[in-house]
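Please treat every number below as a calculation from the coordinates, not as lab data. Quick caveat, the model's predicted, so the values are computed rather than measured. Cβ coordinates were reconstructed from backbone atoms using ideal geometry, including for glycine residues, and neighbour counts include every protein chain displayed.
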Amino acid sequence: MKISIFGTGYVGLISGLCFADFGLDVICVDVDKVKITKLSKGICPIYEMGADILLERNVKNNKIYFTTDGAQAIKDSEVIFIAVGTPPTLDGEVDLTAVFQVAELVGKYINGYKVVVDKSTVPVGTGQKVKEIIKNEMEKRGVKYEFDVVSNPEFLREGRAVYDFTHPDRIVLGVESKKAEEIMKKIYKPLYLKETPFVITNIETAEMIKYASNAFLATKIAFINEIANLCEKVGANVKQVAYAMGKDSRIGSKFLHAGPGYGGSCFPKDTMALKKIGEKYGCELSIVSATIKANERQKLLMVEKIKKEFTTLRSKKIAILGISFKPETDDIRESPAITIIENLLKLGANVKAYDPKALDNAKRFFSHMIGNGLTFCNNALEAIKDSDALVIVTEWYEFRNMDLYEVKNLLKGNLFFDLRNIYSKDEVERFGLKYIGVGT
C-alpha cells in the first residue's frame, strides 16, 4: 500500500519512517525544499533516538520518498496523512491554516477513493471541517469521488518516539465507515498482530481523547509540583511522598516527578487549546486552567529559589545544565530553562549554559543575548568552572553521575540547585556543596 504524509516535522517524519519500516511505501511531503533535499540524502533534521537509522535503512531500500510535489503524492496514494504543524495563536487557540491547506490540495487533486487521516493534534470538529473543505474543492472541479476522513492522534514522547510508535499503549481510530476502519487496521497490521489495543470511535471522540490525555498528564505534573512546594514549607520530602503515592494502583508512579514545570510542543499548547475549546462551547475547564497557571508559576518559583540564595544576582555567574525541555531531545519549545535563563539575565546574572543536544536550537533562540550576559559552553565542566552556582534544569544522563569532587573544585561558589531531584542532599553536601532541590 502506498501512503503519503504531509509534514516532515516531528510527528510526520517519525510516522513516515516507522510506516516505511512496517513495509509500506511512503511519500513524505513538505514545502521546505532544503529539508526535503537533506532527507532525500539521508540526513535527519531532528535529534530522535533511532530516527537516523530508520532513515538510512528505508531510503536505501526505496521504501520512503521525499518530495515537495503534494499534488502528485495525493494522486499516487490511497491514504493521506495530515501531520503538519498546528502552532498556537497569540490568544492560545490552534492555528489550523496548514491543515486546511492540505485539505484544499486533496480536494483539488483527488482522483479516486482516499482515506484522509488527521494525525496532527487538532480541536474537536476539525475532521468535519476537513471533510467539508475537500467536498467544496471537488464541487469546484465538478467531480465527485468517495473519500473518508479519519482521526488518528499520535501519542509519541520526544526522545522515545520511535519506540512509542512501534510499542504503543493503544491505537485510536476515529472513523465513519467500516471501509476506512479496515484500511487503517491494514496500515497498522504489524501492531494489530501484536494485539495492540485498537480503540475505534467516531471522529470527535478521537480528537477529544488526544487533548484529554495530554491535559491529564500535565495536571498530574502540576499537582506533584504544588505538593513539592508545600513539602518545602512543612519539612516533608516530595520524593518519598511521590513514591508512596505511585504505589497506589489507582494513581500510578508515572508523571509524579517534581521539577521546574513541564514544557515542549504538546502539554503547554494542548492545555491552552483545550481551555479555549471549553470557552468556545461555554464549558469552564477550571482544573485545566489551574494547571496552566500552576505550571507557569512553577517556572518562576525556580528563579525565586535561585535568587533567594544571593544578596544580589548582579554579575553572579550561574551555570545552567540542560536547555531542552526533557532529555533525549533537542527541542527547547516552552522549556523551563528558557524562563529561568531569561529571568536570571534580567536580574543581572551572567549565565553559562550547556546542553548535550539542544545548543544549536538554543543559540538561535537566544541569538540576541549571546555576549550580553549569556555564554554557551561546549561541556558541563566548562559551564561549571568559576560559576557561583550550578543549576541542573534537564535530567540528561551525563548530569546524573557527575564527579562531585571535581564539581566542588571547579565551582567558585558552593550552591548546587538540583531542579530535577536526581541527586540526594546527603551525597552532594558530603563534598561541601549546599544542595537545593525541589520539595526535598
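Which residue, 88, 336, 268, has the most motion in a Gaussian network model of the chain that connects Cα atoms within less than 10 Å?
88
Positive end of the dipole of the chain, charges at C-beta (+1 Lys, Arg; -1 Asp, Glu), about the Cα centre: which of 98, 214, 153 has its Cα farthest in that direction?
Result: 214.
Along the Cα→Cβ direction, 7 angstrom out, place labels at residue 111 and residue 60. What is the inter-label distance in nm?
About 3.3 nm, to one decimal.
Which residue, chosen from 415, 14, 255, occupies the Cα position most advanced towards the positive end of the dipole of the chain, where the dipole is computed from +1 (Lys, Arg) and -1 (Asp, Glu) charges on Cβ about the Cα centre?
415
Helix-only mean residue ellipticity at 222 nm, the chain, DSSP H runs n ≥ 4 weighted -39,500 (n - 2.57), per residue, nearest 500. What is it?
The helix contribution divided over the chain gives -13500 deg cm²/dmol.
Given the pairs 308/352; 346/425; 210/275; 35/210, which span a C-alpha to C-alpha distance of over 22 angstrom in this model?
346/425; 35/210
Residue 220: which aspartates and glutamates have alpha carbons under 17 Å from its alpha carbon, excluding same-chain residues fewer than 8 sequence positions away?
Partners within reach: 248, 270, 296.
Of 99, 117, how do they rank once you tally other Cβ atoms within 10 Å and put the fewest first?
99, 117
Return the Rg/Rh value of region 2-201, two decimal places, where both radii are evaluated on C-alpha atoms and Rh is the Kirkwood radius.
0.94
Give me P(r) over region 236-440, computed from all C-alpha to C-alpha distances, binned every 10 Å, as integer percentages.
Result, from short to long distances: 8, 33, 36, 17, 5, 1 percent.
Apply the Karplus parameterisation 6.51 cos²θ - 1.76 cosθ + 1.60, with θ equal to phi minus 60°, to every residue of region 268-280 and state each ³J(HN,Hα) to the nearest whole Hz, in sequence, with x for glycine and proline.
Those phi angles translate into x, 5, 6, 5, 5, 5, 5, 4, 5, 4, x, 5, 4 Hz.
Could you order peptides 179-191, 245-257 by the average number of other Cβ atoms within 10 Å of their residues, highest first?
179-191, 245-257
Work out the FRET efficiency for residue 293 and residue 89 from their Cβ-Cβ distance, taking R0 = 30 Å, and round it to the nearest 0.05.
0.95
With contacts defined as alpha carbon pairs under 8 Å and 6 or more residues apart, what's the relative contact order of the chain in percent?
Contact order relative to length: 11 percent.
5 Å is the cut-off here: which amide hydrogens, built 1.01 Å from N in the peptide plane, fall below it relative to residue 434, excluding neighbours closer than 5 in sequence?
415, 416
Suppose a student asked you for the relative contact order of region 2-201, using Cα pairs under 8 Å spaced at least 6 residues apart; what percent would you report?
19 percent
What aspartates and glutamates sit close enough to residue 233 to cross-link, taking a C-alpha to C-alpha distance under 18 Å and skipping anything fewer than 8 places away on the same chain?
Partners within reach: 304, 309, 418.
So for the chain, taking the charge dipole from beta-carbon charges (+1 Lys/Arg, -1 Asp/Glu), which of 370, 180, 64 sits furthest toward the positive end?
Most positive-ward Cα: 370.
Calculate how steeply helix 97-109 sits against the longest principal axis of the alpha-carbon atoms of the chain, using the helix alpha-carbon long axis, and give the answer as 0 to 90 degrees to the nearest 10.
Orientation of helix 97-109: about 20 degrees from the principal axis.
Where nothing but the Cβ of Lys and Arg (+1) and of Asp and Glu (-1) is charged, how large is the charge dipole of the chain around its Cα centre, in debye to the nearest 20?
The calculation lands at about 360 debye.
Label residue 43 and residue 128 with points 7 Å out from Cα along Cα→Cβ: what is the distance between them in nm?
Here the modelled spin labels are 4.5 nm apart.
Return the sequence-ordered ³J(HN,Hα) values of region 334-351 in whole Hz as given by the Karplus equation 6.51 cos²θ - 1.76 cosθ + 1.60 applied to θ = phi - 60°, using x for Gly and Pro.
Working through the residues one at a time gives 6, 5, x, 4, 4, 4, 5, 5, 4, 6, 5, 5, 4, 7, x, 6, 9, 9 Hz.
Identify which of 339, 375, 311 has the largest mean-square fluctuation in a Gaussian network model of the chain, with springs joining Cα atoms closer than 10 Å.
311
Between (1) 0.94; (2) 0.99; (3) 1.07, which entry matches Cα Rg over 2.2 N^0.38 Å as derived from the coordinates of this structure?
(3)
I want the antiparallel fraction of DSSP beta bridges within the chain, as a percent rounded to 5.
Taking every DSSP beta bridge within the chain, about 5 percent pair in antiparallel fashion.
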